[in-house]
Structure formats: C-alpha cells, structure tokens
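What follows draws every value from the coordinates through simple rules; no lab data is involved. Model, not experiment: these values are computed from the prediction. Every residue, glycine among them, receives a Cβ derived from its backbone with ideal geometry; neighbour counts consider all protein chains shown.
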C-alpha cells in the first residue's frame, strides 16, 4: 500500500511525517533537521534554494528571498496592502504575486517549491517514493486559501488526499493515546502568521469540532514587527544620523533576524543582548533588551486573540470553566506572557504537553493514517469556519450554510424566475460573518438559465456542497431535465467593484491630504473634541492624579487654547499631540473606572 | 425531500431531546465514517445536514412541517409579545452599533476612554434584553413540549400552532445571536 504523508505547511517552518507501527513519525532531512524553514531563495539565473540554506540568505539577499508566503496564499485584489515584505508584492489579473528577479510568482508556486523539498527529503528518509499527502491549513482559511493550498500540493506532484485544519490536527496528536476519555478541549494555536482557536469534544475516539475561530493575519510575525519598531526607536535615539540607512530593505531584514532571535531567547531568559554590528561603516549598536520590553510590545498583538476565543466559546455554547484542557500549539505559545494570557482568559493552566512546533504535523500524519486505514477507531468530525451564503436584493448576505457546520455538508436552494420570460439570473456566492454582502469575501458568481415561462414557473435547484477539505462545490440542477452540472466559480477572476472604488477613494483622500484648509479644519475639530474630554475626565478621576500631573495637564490645555486662534497648523497639531500624550495616565484611570463599573454591575 | 429524521433514525416529532439528537448523530457518523465507496461522502453530508437541521428547534419544526405537508398553512404572524421584543431588539442593536461606530472614530486614547464610560451601562442593557429573549425562548420551548403531546394525539391539530412557534423561534434565536455579537464587539473594543 502506498504511503500517505502528513505535512504541516507552516508560515515559518514546515514538516513532513508518516505513520509507523501506529505512531506518527516526523521525517528529518539529510542533516537531521525535522523543521524546514518555509523560505525560498531565488538566485538570479539559477535553481531556487529551499529551507535552511535559503533562510541564511534572508539578510544577505532580502529581495530574492521569499518567506512567510503563507500570508499571501489565496489573497485577492485589495487585500495585499499593509504588508511589509522586503520582496515586491504585486497584483496580476486580481491575483497576488511576488516579483523576484523580475518574474512574477504566485504564492502557490512558491509553496509548491517548499512542498517539493519536503517530498524529496521524505523520500530520501524513507527510501521510497511518496505520492499522496494530507496538508494542513489554518482552520480559519477561506475557500480561496484552501484551494491555493491544494494547488500548491498538486504542483509539487502530490495527490492531495485531504486538507485538514491545524488545530484539529493538534487535537488528534493530543488525543491519540486518550481514546477512552471523554473531554472538552480547546486548542489555542498561535503560529508565525496565523491564529486559530478550536473547541472540540473527544469521546471514545470521536473527535468532534464544536466551533472554530481565528485570524489568518495574526501571529509571531506581528510581534517581530512590533519589536523591530521598538529597536528602530532605540537605535534612532542613540544614532539619529542613521535614519536614511534604516529605510533600506536590507536593514529591516537584518533587524528582523535579530529581533526574531531575541524574541525566541527571551522565552527562556529575562534579558538578552541585542547586537546590530556595522550599523553604518563605523558604528555598531548594542542594547540590553528585557523580557518586559518585549512583552509590552507584544501585548497588543496577543490581546487580539481574546475576541476570537470568546466567539468560539460562545458558538460552542460553553463557558471557559466547562473545558477540561486548553492545549497550546504554535511556536509563539512558548512565550511566558502568552501562557499567562491564556491562563487568565480560560481560568486554568494551559496544557503544554504538545511540542508546539510538531503537534500539527503529527496530527496531519495521524489523519493520513486514518485515510490509509492504518489508524482505526478514530472518527474526525470537523467544521467549516465561515458561513456560506448568497447575496440578496438590497446587498445583504443570506446564510445558506452557517459557520461551524460539520463537513462535508450540503444545502439546496431553489431559484425561480421573478418575472415572466426571464431568461437568466446571476447569483453571487459569499463567505463570511458580516450582514452586508460587500463586507464578506466574494467567492464568485454564476448565472443560471431559465426557460421562457410565466412568473414563478421556471425552477432551478442549486446545491451548495462543502467537501471534507472545506472547499466549496456548486451544482446547478434543472428540475425539468434533471441535468446536474458543476458550476465553476473560480475560473472568473472576480474583483469586486467596491474594493476598487475603495482604493480609488483612499488614493483621492491622500491627494487632498495636503490641502491646507482641510487640514486646519480637521485639526481644530480634534482640539474641540479633546478639550471637553479632558475636562470631563478631570471631573471623573482627576482626584487620583498628583498635583504635578494636574498642573502639567492644565499647561497643555492652555497651549491648545493659545494655538487655536493662531491658524498655525503645525503648532496646533503639536499642541493636540502633546495634550494627547500628556493625558495617557488619565485615560488609563478612566478605563480602570469603566472596568470597575462593569465588574460592579456583574455582581 | 430527504427525511432527515430517518437519516438519524429518530422519530419524526416536534420535540427531541438535544442530547438524544447528538448521540444519534455521533452513532450514525461513526458507522458512516469509514465508508470509502463513492456514496460515502454523500451519506456523511446527509448526516451532517440532519444534525444541523434537527438540533435547532426552529429548523427541526420547519423540516417536520415540510415533510408532512398536506394543506398550505395560513400566513404567519408574530404575536404581540414577539413584536414588542423585536422593537426593543432593533432599538438596542442600533444603540450598540452607533456606540461602536463612534468609538472606532475616536483617534485619541483619552477620547476613547471617555466614550468607554458608557460601555458598562450599554452592556448591562444588552445583557438584560438577551435574558428577556432567553426567557421568551424557554417559554416557547415549553409550549413546544406541550404541542408535542398534542401532535402524538392528532398531528393535524398541532400543525398551525407549530408553524407559528417555528416562525417565532427563528426570530428569537436570531436576535439573541445578534445581541451576543454586539456584546462580543463591545468586549473587543474595550480591551
């Protein structure tokens, strides 16, 4: 029997495994490493290099070294902004591409190269060829992102037997030797680029996902970015003259490497020496970074996981106290502050028995074992993370398959002609949780044809199916002829007009930004909003400030009042900013007051 | 139309115990899971659909009524109580949305902090309305259990009131979801 391998295609690292005598075994490359960095280096005019050797090129050749490609998988036009990759990211025909050595490459092509390397290493380790694979994706990946992952696998020469959700895979790894138990668990998966939270019920070998939530653009990369910002501030504080050098992509790439290393080491140590040699030709930078500083920079990123956790609990109709375990996976969960955050949120010590880097790959391998028949007595019931619907008149989303429905699943809709002799109807398919159609992902649209008959007489049934990979198929069935045809949603490159309009509107905003009058008016509005806010804040919590703090704020208020009649934009802007900065403590006291009030009401 | 009750080997009746539905679903899924023939996926999809439809009282009733369709039912209207709850919910949702929109427009930490002073009151209002809706849903479920007994005696007699009940339950479930969503967004905005 042909092997099926399990693959964790990660943002930062990727792994491959195979079942051996009932256990998942992860395969190492020729040098003995199980973790392959998800990095591809494209030497001009030569074959691409993948993995550890490519990772070493990141600081040397930042524009030819592609990393974190997973963040770009399945992206559509208008979604690529706000990323700061050193390699150019562009859009061709509505698809996101990276441009290396002047050649556009789709993210799935880059991922294919990573998968090809894993396949070659796996075949070398096993001494036989591998043809079939289970590949993991973040649970919150949408249809485009799943399709792209499947294509990446096929591009690498695999038959992709299944796309499986990462937290579900981790749950399999956790539960394989606990098949007799009955438990409700949460898997908190904070990786390099994505965050997922899944809640499962385990009972006698049945793994049932109750709810899942997440964010496919939230992870360790964001913490690195915050840390880079902090280090840049520190460097500028000491060496203001290097501002120009700092703008170079190579510089940020060097800092990213340093920042990432420091972050990893600060999980074990309380302070680390950060060295950036040869800042310019003759200057170096050396700084003692404390864990506290890292945690302050990382906190806003980690806090963003909270809402997703609460949503998933709500969808599972569970209280945090009803969970038996909270399993941590993903490299970022090694950070002590993440563990502490999870402990507070779920009111229990998290379970750290799983290897954060390897649990997902082990779980993918177990799923491969289920599919090949090597693993018996395990049943996996996973869900679709996002609601599927169609756009109705008036631009609303009508949900057909709600989020957290177990897959595979299907739902039928009947469409009839609204007027006599109507020949066709256009149907737009959406994925997401927002009430307005335009706020969701548009998976595509298709037309159905009617017979020319009186109103309400033509009927076409449409079946929406989400397969076990979480990928959508649409089948249209003519009720008269009974002919069923699969509708291709993905061939047309769909660009929503709204996205384009929004981009144009934003660029216009930008063009007007320098017009003096408009800026003055906005600045005055800000002052007029800020001044009464400071007054009421002082009434509410002013007594908790020191006299010196109160005097300082009074002085800042006077400066705004003096600047108001001046019509001097920079002066008023700066006064507003000073007042904003000078009232941070006041704002903190106010938020504490609101939280105390909320707690009081809860009792 | 596929009979989703028989897919899970459950009796086709208005009231089903939630645990009973879940256990029937898990049992059938275990059996169908290792089917590798061409129809395996179709069977699993039917089981999943059955679970999705039968576990929620409103969708279960709609399916039951559609299965046993004899004569067309009178157009449905909500009761005065549910209509009043609709007014309150719509109003609360608007208040919450306005608050959240205003909050997202606040560019300074202090302005946000001032605005957030209203959050605890708003949260309490949303919580209180959510529990009112919950109580109404419970009352509807009790009525459902009563009608289940009527159904056992004479299904024809129970059809109209069940249709009415399903209609109202759909709204009560939806509104509670919308209120919970606003509470989550408030929580998100405040932290």
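A compact table of results
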item: Shielding by partners, peptide A:408-417 (average Cβ within 10 angstrom, other chains); result: 3
item: Peptide B:112-124, shielding by other chains (average Cβ, 10 Å cutoff); result: 6
item: Relative contact order of chain A, pairs being alpha-carbon contacts under 8 Å that are 6 or more residues apart, as %; result: 12 percent
item: Rg/Rg_ref, the stretch A:1-86, where Rg_ref = 2.2 N^0.38 Å and atoms are Cα; result: 1.32
item: For chain B, built as a Gaussian network whose Cα springs stay under 10 Å, the top-fluctuating residue of B:117, B:176, B:49; result: B:117
item: Isotropically averaged projected area of the stretch A:225-305, using the convex hull of Cα atoms (one quarter of hull area), nm²; result: 5.4 nm²
item: Cβ-based exposure ranking for B:131, A:111, in which fewest neighbours within 10 Å come first; result: B:131, A:111
item: Paramagnetic label zone (point 7 Å from Cα along Cα-to-C-beta, residue B:139; backbone N under 18 Å) in the stretch B:82-103; result: B:82-90
item: For the protein assembly as shown, fraction of C-alpha pairs farther apart than 49 Å, in %; result: 24 percent
item: Considering only the protein assembly as shown, percent of DSSP beta bridges that pair antiparallel, nearest 5; result: 80 percent
item: Whole-number D in µm²/s for the stretch B:1-105 (Stokes-Einstein; Kirkwood sum over Cα pairs; 37 °C, 0.692 mPa s); result: 193 µm²/s
item: Inverse mean reciprocal Cα-Cα distance (Kirkwood Rh) of the stretch A:366-466, Å; result: 15.7 Å
item: Cα extents of the stretch A:293-352 along the three principal axes, largest first (Å); result: 37, 22, 18
item: Over the stretch B:130-191: Kirkwood hydrodynamic radius from C-alpha pairwise inverse distances, Å; result: 13.2 Å
item: Computed [θ] at 222 nm, deg cm²/dmol, chain A (DSSP H ≥ 4; -39,500 (n - 2.57); rounded to nearest 500); result: -12000 deg cm²/dmol
item: Ranked A:136, B:46, A:65, B:101, criterion: other C-beta atoms within 10 Å, fewest first; result: B:101, B:46, A:65, A:136
item: Shielding by partners - mean other protein chain Cβ count within 10 Å, residues of B:42-50; result: 5
item: Anisotropy class of the stretch A:39-137 from Cα gyration tensor, a/c 1.5 cut; result: oblate
item: Calculated FRET value between residue A:393 and residue A:485, using beta carbons and R₀ = 30 Å, to 0.05; result: 0.75
item: Fewest-first ranking of A:73, A:337, A:397, A:457, using other Cβ atoms within 10 Å as the exposure measure; result: A:457, A:337, A:397, A:73
item: Computed over the stretch B:16-70, Kirkwood Rh from alpha-carbon pairs, angstrom; result: 12.1 Å
item: Top of B:61, B:165, B:179 by mean-square fluctuation, Gaussian network on chain B, Cα under 10 Å; result: B:179
item: Shape of the stretch B:44-170, Cα gyration tensor, a/c cut at 1.5; result: prolate
item: Förster radius 51 Å - calculated FRET efficiency between residue A:21 and residue A:60 (Cβ-Cβ, nearest 0.05); result: 0.75
item: Cα shape, the stretch A:206-344, gyration tensor, a/c 1.5 rule; result: prolate
item: Rg/Rh (Cα only; Kirkwood hydrodynamic radius) as it applies to the stretch A:514-595; result: 1.02
